[in-house]
Structures are given as structure tokens and as C-alpha cells.
1. Here are some pairs, K149/K347; K50/K192; K356/K420; which of them have Cα atoms lying more than 24 Å apart in this structure?
2. Once the dipole of the chain is set up with Lys and Arg at +1 and Asp and Glu at -1 on Cβ about the Cα centre, which of L127, F159, P536 lies farthest towards its positive end?
3. Two-decimal Rg/Rh of the range 662-709 from alpha-carbon positions, Kirkwood Rh?
4. Quick one: which of 247-258, 475-486 comes out on top by average Cβ neighbours within 10 Å, and what's the full order, highest first?
5. With every protein chain present, what accessible area does R571 have (1.4 Å probe, heavy atoms only), rounded to the nearest 10 Å²?
6. Per residue of the range 209-221, what does 6.51 cos²θ - 1.76 cosθ + 1.60 with θ = phi - 60° give for ³J(HN,Hα)? Whole Hz please, x for Gly and Pro, Karplus curve as stated.
7. Quick one: which residues, 5+ away or cross-chain, put their amide H under 5 Å from the amide H of V32? H built at 1.01 Å from N.
8. Report, to the nearest whole %, how much of the accessible area of the range 152-332 belongs to carbon and sulfur atoms, 1.4 Å probe, protein only.
Amino acid sequence: MQTTATPTHCPYCALQCGMNLTPTPDSGGSPVEVTERPDFPVNRGALCGKGRTAPALLSPGVRLTSPLIRRAGVLEPAGWDEALDRIAGELSRTRTEHGPDACGVFGGGGLTNEKAYTLGKFARVVLGTSQIDYNGRFCMSSAAAGGIKAFGLDRGLPFPLEDIPKTGCVILVGSNLAETMPPALRYLTELKENGGTLVVIDPRRTRTAEQADLHLAPRPGTDLALALGLLHLVVAEGRTDEAYIQERTSGWEEARAAAMAHWPEYVERITGVSVPELRETVRMFCEPESAMVLTARGPEQHSKGTDTVGAWINLCLATGRPGRPFSGYGCLTGQGNGQGGREHGQKADQLPGYRKLDDPAARRHVAEVWGVDPDSLPGPGRSAYELLDAMGTDIRALLLMASNPVVSAPRAAHIEERLKSLDFLAVADVVLSETAELADVVLPVTQWAEEGGTTTNLEGRVLLRKQAITPPEGVHSDLHVMHELADRLGVEKGFPTDPEEVFEELRRASAGGPADYSGITYRRLAEENGVFWPCPASGSAGEEEGRAEDPRAHPGTPRLFLDRFATPDGRARFVAVNHRPLAEEPDEEYPVLLTTGRVVSQYQSGAQTRRVDELNAAAPGSFVELHPRLAERVGAVEGEPLAVVSRRGRAVAPARITTSIRPDTVFMPFHWPGEGRANTLTNPALDPTSRMPEFKACAVRVERVERMG
Ligand SMILES: Nc1nc2c(c(=O)[nH]1)N[C@H]1C(S)=C(S)[C@@H](COP(=O)(O)OP(=O)(O)OC[C@H]3O[C@@H](n4cnc5c(=O)[nH]c(N)nc54)[C@H](O)[C@@H]3O)O[C@H]1N2
Ligand SMILES: Nc1nc2c(c(=O)[nH]1)N[C@H]1C(S)=C(S)[C@@H](COP(=O)(O)OP(=O)(O)OC[C@H]3O[C@@H](n4cnc5c(=O)[nH]c(N)nc54)[C@H](O)[C@@H]3O)O[C@H]1N2
Ligand code: SF4
Ligand SMILES: [Mo]
């Protein structure tokens, strides 16, 4: 064990804040404490409460330290061999009886690059199944689809965060950065100090919106119309950049025509944002030399998320922003490895290096690295919700790693029931999540401080997480799990347990792909505080050592698209999109809109953060945020339980009455299971391209709950 501080990164969100871990051998509790790491540029030492308290989960009291096997209906401690034998046996039996596609695999954007890569390979090479997808589908998939359509490439931010304070105007669409990435708020503060302006678009006046020069509060699910209305005004006011449109884009005529059909007055009626506010936004965005649009889950988690992102990109293209200094469109990716986790093959349609599974050349390249016949690789499978929905019917057995869909999937009661209907469920996790509670076998895995690996943050910066401590006995890494299962299923080679060995293979698999990591080594990552992809190996292929000193080493790519876009002709593509309603509009029976999201002290399904006392004290449970006018109408009382009912089910949580939300909308955070579970209510209507569910808007009825007795 190390006795000095180990520099590493936070286990939670996509900011991947740098931190130092110092061993505390005699503390009796967590084996390490978090201290400041000012040398990492993204957060410069600052951390939010989640990062600061992350070591609490390393204590044996809250985590899993032994495999569990269900016997007579009850999960009981068991040995590793027995647990692994059981999983391998069930997967093998399922494959024989129902075919390989009856085995499902579900991953997570919290997995390191090495794990995500290995999971994709495990599914295709060991199980031979096409049925793999992951929770990132619920996260940034609409932005990814929009980015690929327009730019030919999906890297959440095409520029580093440090560019934000240098731009003239930021339009932040549906991001509550102040709660979801607190240390990044600094970039917005610096933007304003430098004279830049901030527009925040959110149906709620959030802590982030409070920082804005202009806050627009549209009705949920109307961002597409809003963006089209802004583009209409840009054209009407003669603010387009014709030279840029000519030189660097295609498809303008069709996109322009679509936008011109969205008159400001029409857009005002749809969105609730007034025409003067629209005009003011256009002025703020167009006057400075540089400007950015950044989207997060607010506009993306809709059944029209991809088109909405397309409309915002159109606005950027028409005004000549992408590929210019301190300008362009970006998506704020969410999970710890939300970026890298979507690049290396745990996605249904994908091979490592952000290659396409249905591209013959990609199949040949990756099959060669894997030492298999390209024809043996299955084709694309189902998207996350469709995969979960097929459990118990087409999918008979599921291996789940790093997600807690009982809490986080849309229409969660149905998904819970589907999980129970599986013949066999295996879950690898660090804690006994609500989903692990339903498993037949649970495997306890190591955590960030106990293992090495790389993540890729929201800027596309590949980072090295270093192992700081030895894991407790009885706990093994996800890589060990896949190695042992592969071995038991007859594949002895190709599933190493050493993360660096996996990364070396990932480099080769990604070489020449859109997300090219081949020029990156662990050594470089440690020395350079991260490297931005694409970073091809510039020497001869296969060269491994001495990259940092190699004068030919590719420096990495902090800024994309400066010369050309990643499309075949190098031009960015406008998309012709039109406003459309929600999959479920309010009606007489369900007259209110529910939107969902996050609070600062809980992370995602809460499986981890609900086990940390300090975070629980700050955010102990679910709530329903609503406007005083709506509260009066339904008889809601502050702090008293309120029922929210949708076509999928009913949830109950205390009312939080505030003027910061629109009167036609209620908000619930989704971090809790049980009665207050927001996802009991949400609508799994999917975006046709990204297959993103409509987490951010469904029709509900709000009712007072009469107390018993
Ligand atoms: N504390 C905390 N931080 C996190 C996470 C966490 O769980 N907790 N998760 C991480 C992950 S994986 C992610 S993806 C990010 C998410 O980060 P964000 O996208 O910032 O988080 P959300 O709270 O889901 O949504 C942001 C805002 O969208 C608004 N919104 C709702 N509907 C609409 C709409 O129709 N249009 C617009 N414009 N806005 C709307 C909500 O009011 C909310 O304030 O956070 C990351 N960081
Ligand atoms: N209503 C509503 N629902 C939403 C959203 C929303 O805004 N509204 N947001 C969606 C979004 S953006 C996301 S990203 C999803 C996230 O939702 P989930 O996929 O449920 O994400 P987490 O809660 O982070 O679950 C991760 C699980 O993996 C475990 N874990 C952590 N690290 C590792 C590891 O290295 N290996 C293994 N094996 N396990 C690990 C954790 O303990 C935890 O149990 O939720 C989505 N659901
Ligand atoms: S902002 Fe994200 S990465 Fe930074 S400390 Fe908080 S949870 Fe960790
Ligand atoms: Mo996310």
C-alpha cells in the first residue's frame, strides 16, 4: 500500500475532478481521505460534496464484500468460485436452450474505458450475443446522434472547458450545472467577469439560472420550437454568416425553410417564451465575435431529443460558430466515463474506437485485434429500454454491470417486473443496489480507489485513475469477473485482468477509428494530466514505449473541427427539423407536466450516495416541486405528501412549493426508490434515432394525499 498521496479522479460525474487520496491507516473507517489536487486544470482543486465524501463507500460497513447467491429466495454469502460457476453455467445453458441472443448484457457509463471495452468484447466474442446496451442510452444519446449527423463525430465538447470564459455568449440549454457539476460553475462566473453573457434555458429558475443574464423558462419539451424560432429571427434580422454557410456547411436551404415556418409569435405560443425574450437572446448570441450553445439533459431526454439538438446546432452553424475559436456547439456529458463509455463497444451498434458494428471494414479491423473471424461478430442489437423491456421474453438471462435500472429506467415498475421475470440475473456492483437485490447472483467489485483504469471526461480528455489502496479481501475487479467468466465459457485468452494490458489492446482496436486512442499510453496520461482524443500513434503502428519523449508523438486534439468537419466532404450538415408535440401531451385527466432531474447531494439512482451519511442528511428523500398557484389548486401543503399520478403509476413525496417553477409543470428528482420513485411515472416513448426515452416530460395529475388516522 502507498503511504503518500495518490493523484486520481473522482468516481462520480463526467467532470472527473482531480483529487489526491491519502491513506488513513488508523482511522477505523475509510482507508483514505480526499485532499486537494490543484494541479488538475479542470477543477483546480475544487470538489463538490459527493467527491469529497466518496471514500465513505470504501468502508466495509456499506459495501459488498462477498458474492451473494440466492437460495430458497434469499441472497446468501457464497464463495467466488461457486458464484462464477453459477453465472457461467446459467449463461451457457441459456445460450444452448434459447440461442446466444437470449443472453443480455447491460453496462454503464461509470465503467472505465478498459471495462467498457472488455464488456463489449465479452458479449460479442464469449457470449456471441447482439443483445448489449448500456445506461448511456438514457443519458447523452440524443446529443451524440445529433453531433454525428451534423459534424460526423460525437465528442461531447469539441473544445476544453477553459474556452468557456473566453467566449462572448453562452446559451446553456437544460443544464443545472450549479448542482450537477458544481466546480464547473466557475467557468460561467469567469465568463461574466470577462464581459461575456449567459442565457440559461430551463423551465425552473435553478441555481444555475440564477447566474444568468437572461433566463428563459419554456414549457418542457419545447426546446426544438425555441431553437427554430431563434433561427427564424437570425434569418429575418440578417444575422446569418453567409460566407461560413457557403464554405463550411451543406443543407442550409432546407433547414432555413423549416425555420422560416416557425414564426416568433407561433414559437411564443408553443414555448411560453415571449417574442422580446427571443429577440434579446438572438442579439446576445449574435453580436459577439464568438458564442456557444451547450446542451444537457433538459432538451435531450425527449422523444425528439435528436431533432432538438439538431435545431440548436443549426443555430450555431447559421451564425458561423462551430470550428471557430471559443465557439460552437457542445453537450455536457454526465457520467464519470460517459464519454469513453460510449466509444468502445458496450453500445448496441458499436465496435471500439467509435466504429460502427455494421461497417465491414470496422468488423475486419476489430476482429483481427480480437483474433476472431469477422463473420462471427453479431450485428447490432436492441437499445437499452428495448433490451430491458424484452427481459423475460426474448432475453432470458442478463449480466448487468454498473447500472441500477430499478430506480433509473423509465416506467420503472414495469422494468422491475421484467427483471423479476428473467430466468437468471447476475449483477456486479460495489453495493447492494435495488437491482442487485433482485439478482440470482451478486458479485462484489472493486472501486475507483482500489483499481487502475482510464476514463474520458466531458471534454474528451482521457485521464488515468491510479490505484491508491489494496481492495479488501473477497472483492475483485470487473475485469477479473469477465476474465473468469470467459475462461469458464471456453475462451481462455483475450480477457486480461490488468487494466494497462487491456488499454494496450484498446489502443490497437481504436486505431484509425473516429475515437482514436492509439497514441495514448498510461505513461503519457500520468505525465501530461490527460490527453484529448483523437490521438493517433504518429510513428509506425504498434509502437508502444517512450511516447512522451517521442518527438513524433501526436499531441492530442483539444479543439476539433478547426479545419474541417468529420464528414466525408468536410462540411457540417444542417438538418431540416420541425417542431412536434410531446409523446404525451397533458389532457383533462392528466393536466400537468412532470419533468425530472437531479439535486446536488445525490448521484443518479442514489445507490452510492444514499449510503453516505453527510449526503443523505443534505438530501434525505424525494420531493415534488410545484408552483404556489398549482399548489393552491390541488390543495398541496408545504412538506406534506403529494401524489403524482401518470398512466404508468403513482408516486408520493412531500410537496416543495416554490415560485421558481412554471405553474404548469412539476419537478421530481429521480434518485430514490420506493414510494417517491419518479421513474414510476415516466414515459418510455423513444426518440426514433437515439432511442432516448422521454424522461423530461410526461402528463400527470397531482393530488393531495389524505393522512390516515
Ligand atoms: N448531483 C448530481 N450531479 C450529477 C448527476 C447526479 O445524478 N447528481 N448525474 C450526472 C449525469 S449522468 C448527468 S447526465 C448530468 C446531468 O446534468 P443536468 O442535465 O444538468 O441535470 P438534470 O437535473 O437532469 O437536468 C437539467 C435541467 O433540465 C431542466 N429541464 C427539464 N425539462 C426540460 C426541458 O424540456 N427543456 C429544458 N431546456 N430544460 C429542462 C431541469 O429543470 C433541470 O434543471 O449530471 C451529472 N452530475
Ligand atoms: N427520471 C429520470 N430518470 C433518469 C434520468 C433523469 O434525468 N430522469 N437520467 C438518466 C441518466 S442521464 C442516467 S446516466 C441514468 C443513470 O442511472 P443508473 O444507470 O442507475 O446509474 P447509477 O445510479 O450511477 O448506477 C450505477 C450502479 O453501478 C455501481 N457501480 C459504480 N461503479 C461501478 C463499477 O466500476 N463497476 C460496477 N460493476 N458497478 C459500479 C453503483 O454502485 C450503482 O449501483 O439514469 C437515467 N434515469
Ligand atoms: S463535480 Fe463531479 S467529478 Fe467533481 S467532485 Fe463533484 S461529483 Fe466528483
Ligand atoms: Mo447521465
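1. K50/K192; K356/K420
2. F159
3. 1.06
4. Top of the packing list down: 475-486, 247-258.
5. Here the accessible area works out near 80 Å².
6. These are the phi-based 3J(HN,Hα) values: 4, 5, 7, 7, 6, 9, 10, 9, 10, x, 5, x, x Hz.
7. T24
8. 47 percent
The values are calculated or read from the model by the stated rules, or taken from the named source; none is laboratory data. All figures in this text were calculated on a predicted structure; none of them were measured in a lab. Note that we place each Cβ from the backbone using ideal geometry, even for glycine, and neighbour counts take in every protein chain shown. Accessible surface is based on the protein model in full, side chains and every heavy atom, while ligands, DNA and RNA are left aside. Shrake-Rupley method; radii C 1.70, N 1.55, O 1.52, S 1.80 Å.
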